[in-house]
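Visitor: Before I ask anything, here is the structure I am working with.
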Amino acid sequence: MIKAFFFSTVVLISFSTSAAIISSKVPAQDGRSCLAHLRLPETKTKLPVIVALKGAGLYSMADDSNLPSTVSYFYDQEKAIVLTIEKPGVSWVDNKIDIDSSIYNQYLLTDRVHCLKAALKKMTKMKKLPFNGQIVLLGHGEGAIALTRLILSYEKQGSSQLDKIKLILLSGVPVDKYKSVIKYRLDKKESQKFWKAFETKDNDYFRMWGGVAFPYLENNFKLKSVQKVMSELVNLKNQSKFHIFHGLDDQLAPVSKVKGLEAWNESLKKNQKPSLDLNVRYYQSDHFLNLTAIGDMIAIMKEGLR
């Protein structure tokens, strides 16, 4: 078992013969906080850090079964350190998820950006961490939205963290404004229920509908779309390497908007204007992709981390 040196205060959640999970609180917004989990292989070899942000819903990232397959591939072979964060109000107690609804019902997507920035800042300052200076970001759904906002925040700040981020892999990306994404997801009957619940701020309904609450949705409707964030990154001449993986049958994030983002970026290139370093791949799959997509992600990560 390795020493607990993640942040100033640490809790060892669980460990196996090959790795330990170290956890500590990091600040979010308005007094909220998140638990950040660092999975550290026993090897003394310096390794890249893979950051994984999953989508909306109730789950704990302290549970290994919630790690994306792409992350598990590298983690199980002791080829990467893994950093994940919980949503505010979520913890892992006695090998099961624990939810403090008074906090969770107030959490915002932007909390995850704040928490991840705080966790990365502290992690990269750890002298004893066997970190080789390379970071890969993986985000799905809500996690993908959060990562684009993280990169924009770093770019505006001129943060040196951008030099460490070698790859950004996004999947199931809701490119359009969030209200448009929600309308895409709802049929007529469900739409009536949804907007009635929105008017009455019915957290119970939204927790059952998508594992979120009214403040989360209200805030999301005010946020810039991913398309807008990407446009700002172009204007700032961001050099990050983006890879998007999207299912052609995605019923939660319209593929047409992803194709629109790709076409817009290709048009910029064609006209020799500043553009994103962006590669998009499509699959005969739903929102959660398929084994072909997972294989492509792993291959890209292997190549990018050489």
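The values are calculated or read from the model by the stated rules, or taken from the named source; none is laboratory data. Every value quoted in this text rests on a predicted model; they were computed, and no experiment measured them. Backbone-built Cβ (ideal geometry, glycine too); neighbour counts: all protein chains shown.
Visitor: Since LEU261 meets every condition but one in (1) farther than 30 Å from ILE81 by Cβ; (2) at pLDDT below 95; (3) of a type in the set (A, V, I, L, M), which condition does it not meet?
Guide: (2)
Visitor: Here is a further query. Go through ALA80, ALA119, ALA144 for me and flag whichever is small (Gly, Ala, Ser), modelled with pLDDT of 95 or more and closer than 21 Å to LYS25 by Cβ.
Guide: Residue meeting the stated conditions: ALA119.
Here's the yes/no breakdown for (1) closer than 27 Å to ILE298 by Cα; (2) among the polar types (S, T, N, Q); (3) at pLDDT below 95:
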position	(1), (2), (3)
ILE85	yes, no, no
TRP92	no, no, yes
THR110	no, yes, no
CYS115	yes, no, no
LEU129	yes, no, yes
GLY139	yes, no, no
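Visitor: If you scan the range 82-141, which residues turn out to be over 14 Å from the mean Cα position of the chain (by Cα), within 16 Å of TYR154 (Cα to Cα) and of a type in the set (Lys, Arg)?
Guide: Listed by number, the residues that qualify are LYS121, LYS122.
Visitor: Quickly run through the range 237-251 and pick out the residues that are crowded, with 18+ Cβ neighbours inside 10 Å and over 17 Å from ASN279 (Cα atoms).
Guide: Answer for the range 237-251, where residues must be crowded, with 18+ Cβ neighbours inside 10 Å and over 17 Å from ASN279 (Cα atoms): just ASP250.
Visitor: Looking at (1) under 17 Å from ILE135 (Cβ atoms); (2) touching a helix residue (DSSP H, G or I) at 6+ places or on another chain (Cβ under 8 Å), which is the only condition TYR75 fails?
Guide: Unmet for TYR75, out of (1) under 17 Å from ILE135 (Cβ atoms); (2) touching a helix residue (DSSP H, G or I) at 6+ places or on another chain (Cβ under 8 Å): (2).
Visitor: Of all residues being of a type in the set (Asp, Glu) and touching a Ser or Thr at 6+ places or on another chain (Cβ under 9 Å) in the range 64-110, which is surrounded by the most Cβ atoms within 10 Å (Cβ to Cβ)? Just the residue, please.
Guide: Restricting to residues being of a type in the set (Asp, Glu) and touching a Ser or Thr at 6+ places or on another chain (Cβ under 9 Å), the top hit is GLU86.
Visitor: If the requirement is being of a type outside the set (S, T, N, Q) and out of contact with any Phe, Trp or Tyr (no Cβ under 7 Å at 6 or more places or on another chain), which of these qualifies: LYS79, LYS87?
Guide: Matching residue, one of LYS79, LYS87: LYS79.
Visitor: Quick one: how many residues across the range 196-226 are assigned to a helix (DSSP H, G or I), crowded, with 17+ Cβ neighbours inside 10 Å and more than 25 Å from the chain's Cα centre (by Cα)?
Guide: 1
Visitor: Could you check, for the range 131-145, whether at least one of its residues is part of a helix (DSSP H, G or I), within 21 Å of ALA253 (Cα to Cα) and touching an Asp or Glu at 6+ places or on another chain (Cβ under 7 Å)?
Guide: no
Visitor: Output the residues belonging to the range 263-289 that are exposed (fewer than 15 other Cβ atoms within 10 Å of the Cβ) and in contact (Cβ under 8 Å) with a residue 40 or more places away in the chain.
Guide: PRO274, PHE288
Visitor: Looking at LYS166, LYS117, LYS122, which one is touching a Leu at 6+ places or on another chain (Cβ under 7 Å), in a helix (DSSP H, G or I) and either under 23 Å from PHE74 (Cα atoms) or small (Gly, Ala, Ser) (or both)?
Guide: Of LYS166, LYS117, LYS122, the one residue that is touching a Leu at 6+ places or on another chain (Cβ under 7 Å), in a helix (DSSP H, G or I) and either under 23 Å from PHE74 (Cα atoms) or small (Gly, Ala, Ser) (or both) is LYS117.
Visitor: Could you count how many residues in the range 149-181 are over 17 Å from LYS259 (Cα atoms), surrounded by 19 or more Cβ atoms within 10 Å (Cβ to Cβ), touching a residue at least 40 places away in the same chain (Cβ under 8 Å) and touching a strand residue (DSSP E or B) at 6+ places or on another chain (Cβ under 9 Å)?
Guide: Summing the residues that are over 17 Å from LYS259 (Cα atoms), surrounded by 19 or more Cβ atoms within 10 Å (Cβ to Cβ), touching a residue at least 40 places away in the same chain (Cβ under 8 Å) and touching a strand residue (DSSP E or B) at 6+ places or on another chain (Cβ under 9 Å) in the range 149-181 gives 4.
Visitor: Name the residues in the range 253-262 that are touching a residue at least 40 places away in the same chain (Cβ under 8 Å) and surrounded by fewer than 18 Cβ atoms within 10 Å (Cβ to Cβ), would you?
Guide: Residue satisfying the conditions is GLY260 alone.
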